[in-house]
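Heads up, the thing below is written out as structure tokens.
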Amino acid sequence: MAVTVLGSIFRLSPVSSSSRESFRNADFSPSKQNSASKNRITAIKSVESTNPGGLKRIQRNKDDAAVEKVQVVENPYSRVEAALPDLRKSLSDFLEEARDFVGDEGPPRWFSPLECRAQAPGSPLLLFLPGIDGTGLGLIRHHKKLGEIFDIWCLHIPVTDRTPAKDLVKLIERTVKSENSRFPNRPIYLVGESIGACLALDVAARNPNIDLALILANPATHVNDFMSQPLSGMLNVLPDGIPTLLEEVFGFKQGDPLTAMLDALSNEFAVHHIGGRMIRDLFAVSANLPTLSRMFPKDALLWKLELLKSAIASANSHIYAVRAETMILLSGRDQCFLNEEDIDRFSRTLPKCNVRKLKDNGQFLFFEDGVDLVTIIKSCCFYRRGKSHDYLSDYIMPTPFELKQQIDDHRFLIDATSPVMLSTLENGELVRSLEGLPSEGPVLYVGYHMLLGFELAPMVTQLLRERNIHLRGLAHPMMFTNYKDPLVDLQIFDKYKIMGGVPVTNLNIYKLLRSKSHVLLYPGGVREALHRKGEEYKLFWPEQPEFVRVASKFGAKIVPFGVLGEDDICDIVLDANDQKNIPILKDLMEKATQQAGNLREGDESELGNQDCYFPGIVPKIPGRFYYYFGKPIETAGKEQELKDKDKAQELYLQVKSEVEQCIAYLKLKRESDPYRHLLPRMLYQASHGFSSEIPTFDL
């Protein structure tokens with residue numbers, strides 16, 4: 001039986017599971033529009049990992065005449081400080097558009113928001129299963145951003161509908177099977193909140209052989225009888241005419257002067273006051289009480305409570321049959337229908353489950369500021385177009401606002417260390433800028449890894465801002481695992497995934513260079529980033545020159561670089577040797593080392609045998625960071641030559657020597673930097689402006 005089609009209204013396009021192509025080609029002229037609901041279709045954003053280098057390319061003619069061919073490549077990150085949030089809508093927009101849903105009748109059906117029609121080719125299908133409201137608009141804040149990487153269908157359950165949970169599961173299941181038969185090699189995402197999460201679990205349990213990916217927001221795991229029984233009793237004694245009663249008591253009717261005044265006040269607060277969005281939402285709820293009351297009339301609430309109990313019971317009974325990859329999003333302030341013990345059981349039972357706790361959020365997760373579903377999906381490497389996640393083809397570039405958030409998260413480090421970045425032009429000239437870095441890939445950046453990777457954030461973000469060069473860092477596999485350790489918050493690794501980090505393997509290096517990417521490699525790996533006392537700026541590179549051979553295969557340029565400054569911001573007081581003498585810390589270190597070693601099982605190299613621990617450090621008054629990118633080393637045309645082990649070893653030692661020379665140069669020159677210490681830099685900015693570039697030593 002085909003799914004009933006929802007008529008086209010506002011930004012909504014109907015979807016029939018029996019014929020998606022006809023839906024694509026149909027003419028969807030909105031039957032009515034207002035200022036908040038005009039059709040906005042955005043251009044497709046690139047989701048590939050390619051990155052055009054540079055902002056301007058100049059090509060001179062053969063006679064080197066004055067006429068120049070200039071091609072300007074816009075850098076979307078050049079004005080990142082002014083980037084606006086990716087999510088602009090709010091609870092007010094939801095209530096505004098929900099007004100046209102509450103009077104709808106008929107059976108449950110699918111619709112696709114028109115602002116979600118700009119998805120990239122090959123995007124997987126995302127089915128949104130609503131919570132207790134049933135409108136299907138629960139992702140309204142996320143539609144635009146999700147619509148660029150997913151084909152989105154939302155389930156609408158009219159207020160008057162009384163379809164049992166088991167029949168809702170069958171309806172969703174029919175759609176899943178139909179779409180899976182059309183695109184068997186693409187996953188189908190089920191995003192459900194509350195009741196919808198229970199329905200998603202049921203569908204996954206009934207279809208273990210279909211490639212499903214579940215995103216469950218605050219999944220209802222139990223109904224508290226202590227709360228539900230008095231609530232049911234109270235609802236039963238309330239009069240039936242609640243909508244009319246609310247309108248007459250509070251006087252809120254759409255279009256009347258009082259409602260118009262509230263709208264104006266909410267807009268004024270939103271524009272001019274801190275916390276304006278929260279105030280605006282409070283006004284929005286007040287101004288839309290009739291909509292809310294029609295969305296949740298007494299009989300509908302009683303039915304939804306029974307539907308919730310039924311869905312929870314069914315999901316709990318079938319949980320052991322679920323084989324789908326799952327991500328559970330938990331609000332720290334939502335305890336109505338959540339049970340921590342049930343969630344722990346889910347995470348242990350589901351074979352591939354990632355639980356992310358958002359401690360500062362409440363029940364209405366997808367409406368709250370700071371919750372961006374696409375960013376969360378990126379953070380978990382949860383997006384894929386095929387059977388498994390591909391770190392290259394499935395990677396989604398950060399938006400300017402996501403980069404701004406990364407910079408803001410590291411604002412103290414960047415501002416406190418005032419990084420100095422030097423690069424080398426083709427003629428060997430050293431300049432204070434990143435002008436000497438190659439624009440076109442493939443490029444392999446090989447350098448020294450500071451303690452705890454302090455150098456990463458300033459370097460990676462500055463390359464994007466100044467040159468639109470996106471570094472794909474090769475990182476330890478432990479950053480991409482989902483092991484459950486109460487002592488480790490996996491969200492600390494989110495920034496590496498959002499910025500394009502990739503597990504370090506020979507295959508990944510090969511694939512990145514083949515795609516002409518800019519690749520960041522630290523041969524010293526964890527051993528350098530977690531070094532001991534007195535080992536700062538010492539290279540711990542393996543003996544095998546593997547990266548040289550791979551770089552030559554694709555003619556990649558190798559950029560050696562050195563960094564300096566960790567000893568200017570902290571001192572190590574408790575290193576691995578010290579911790580081995582403290583029983584508790586020794587046990588923790590051995591456990592972490594064992595987990596990291598298991599991820600590289602069969603690797604007998606230095607990378608496979610490194611101590612993992614967190615060094616005890618004491619911060620100092622911040623000094624300054626220095627970066628020196630050496631002259632790029634060409635490998636183009638040397639593939640056959642570098643197949644010879646001796647030749648490859650010779651180039652390998654040359655790269656290592658140049659990294660050491662970069663560090664030695666910075667050590668020497670920083671002594672003559674009048675602004676190496678914090679106080680002179682603060683005085684300089686106080687007199688020249690806080691956005692001014694602080695001078696450094698003479699080059």
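Computed from the coordinates by the stated procedures, all read-outs in this text should not be read as laboratory data. As the structure is a prediction and not an experimental result, all values here were calculated from the model. Neighbour counts run over all protein chains shown; Cβ positions are idealised from the backbone, glycine included.
Can you compute the radius of gyration and Dmax for region 368-427, using only the Cα atoms, both in Å?
16.7, 53
Over the C-alpha atoms of region 380-469, what are the Rg and the largest Cα-to-Cα span, Dmax, in Å?
Cα-based Rg and Dmax for region 380-469 come out at 15.7, 49 Å.
Roughly how many nanometres apart are two label points built 7 Å out from the Cα toward the Cβ at LYS643 and GLU306?
That separation, rounded to one decimal, is 7.6 nm.
Rounded, prolate or oblate, given the Cα gyration tensor of region 432-546, with a/c below 1.5 counting as rounded?
Since a/c stays below 1.5, the shape of region 432-546 is classed as rounded.
Reported to two decimal places, what Rg/Rh ratio describes region 108-229 when computed on Cα atoms with Rh from the Kirkwood expression?
0.97
Subtracting the Cα-Cα distance from 0.36 nm times the residue separation, let me have the gained length for VAL618 to LYS357 in nm, one decimal.
On the way: separation 261, 0.36 × 261 = 93.96 nm, distance 3.00 nm.
Roughly 91.0 nm would be gained on extension.
If you take every residue apart from HIS677 with its C-beta less than 10 Å away from the C-beta of HIS677, what net charge results, scoring Lys and Arg +1 and Asp and Glu -1?
Overall, the nearby charge balance is +1.
Which three semi-axes in whole Å describe the equivalent ellipsoid of region 625-699, each the square root of 5 times a Cα gyration tensor eigenvalue, listed largest first?
Result for region 625-699: semi-axes of 40, 13, 7 Å.
Could you calculate the contour length gain from LYS586 to ALA636, that is, 0.36 nm times the residue separation minus the distance between their Cα atoms, to one decimal place in nm?
Numbers: separation 50, 0.36 × 50 = 18.00 nm, distance 4.74 nm.
Answer, rounded to one decimal: 13.3 nm.
In nm, give the distance between the simple-model label positions of PHE183 and LEU679, each being 7 Å from the Cα along the Cα-to-Cβ direction.
6.3
As an exercise, take the mean of 1/r over every pair of distinct alpha carbons in region 129-198, invert it, and state the Kirkwood radius in angstroms.
13.2
For region 635-677, what value does the Rg/Rh ratio take when both radii are computed over Cα atoms and Rh is the Kirkwood radius, given to two decimals?
1.31
How many percent of the alpha carbon pairs in region 161-206 exceed a separation of 13 Å?
56
Can you give the net charge of the other residues whose Cβ lies under 10 Å from the Cβ of ARG384, counting K and R as +1 and D and E as -1?
-1
Tally Lys and Arg at +1 and Asp and Glu at -1 over the other residues with C-beta under 12 Å from the C-beta of CYS662: what net charge comes out?
My count for the surroundings of CYS662 gives +2.
Along the Cα→Cβ direction, 7 angstrom out, place labels at ASN577 and ASN427. What is the inter-label distance in nm?
With each label point 7 Å from Cα toward Cβ, the separation is 4.9 nm.
Test of understanding: ordering TRP303, TRP541 by Cβ neighbours within 10 Å, fewest first, what list do you get?
The fewest-first ordering by Cβ neighbours comes to TRP303, TRP541.
To the nearest Å, what is the center-to-center distance of region 122-143 and region 467-545, using C-alpha atoms only?
So the separation of the two Cα centres works out to 35 Å.
Quick one: pull the percentage of alpha-carbon pairs in region 409-670 with a separation above 23 Å. It would help to have the intermediate numbers written out before the result.
Working: 18005 of 34191 pairs.
Across region 409-670, Cα pairs with separations above 23 Å total 53 percent.
Taking 0.36 nm per residue of sequence separation and subtracting the Cα-Cα distance, how much length would be gained by fully extending the chain between THR160 and ASN316, in nm to one decimal?
53.5 nm
As a footprinting exposure proxy, order PHE625, PHE554 by other Cβ within 10 Å, with the fewest listed first.
Ordered from fewest to most neighbouring Cβ atoms within 10 Å, PHE625, PHE554 come out as PHE554, PHE625.
Calculate, for LYS667 and GLU543, the FRET efficiency according to 1/(1 + (r/R0)^6) with r their C-beta to C-beta distance and R0 22 Å; round to the nearest 0.05.
Rounded to the nearest 0.05, the efficiency is 0.30.
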